[in-house]
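Everything on this sheet refers to the single structure shown next.
Read-outs: derived from the displayed coordinates by stated rules, not from any lab. Because the structure is predicted, anything quoted here is derived from the model rather than measured. Neighbour counts are summed over all protein chains in view; Cβ atoms, including those assigned to glycine, are modelled from backbone coordinates with ideal geometry.
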Amino acid sequence: MHLNPYGEYAVRLAQSLANDWPSDRTGIVARVRDHGMTMPFPEQRGDHARCREVVDQWLRVVDATSPDARADLLNQQMAAVSAYPRLIDHHGEGGTSTTVTSTTISRWC
């Protein structure tokens, strides 16, 4: 699988959280900072649990037993959160870019 350089830090962060889950929100924020993200994260009730839910949802995709199952799970996630292309400045971390999202993933992914 090709991993785009601008997405590598997020994948490495997800791997780090999945393999060594922090015991509290402060630990999550510290891990995010360790992986180079500088944007503010205003505290909200349930942050720690919601982050865990996201990691667990992603692990279901990663651990799927077939490419078809993986594609189905990923498409479900993307259908719930994908949006039209938009410009993002990445909080000053690399210039402005266009983010394009897709609502379908081929079965061969």
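The calculated P(r) of segment 43-84, using every Cα pair and 10 Å bins from 0, goes 28, 42, 26, 5 in percent.
Charge tally around residue 50: other residues with Cβ under 14 Å, Lys/Arg +1 each, Asp/Glu -1 each, net -2. Below 12 angstrom from the Cβ of residue 32, what's the summed charge of the other residues (Lys, Arg +1; Asp, Glu -1)? So the surrounding residues net to +2.
Please state the shape class of segment 3-42: rounded when a/c is under 1.5, otherwise prolate if a/b exceeds b/c and oblate if not, all from the C-alpha gyration tensor.
Working: a/c = 2.99, a/b = 1.32, b/c = 2.26.
The shape class here is oblate.
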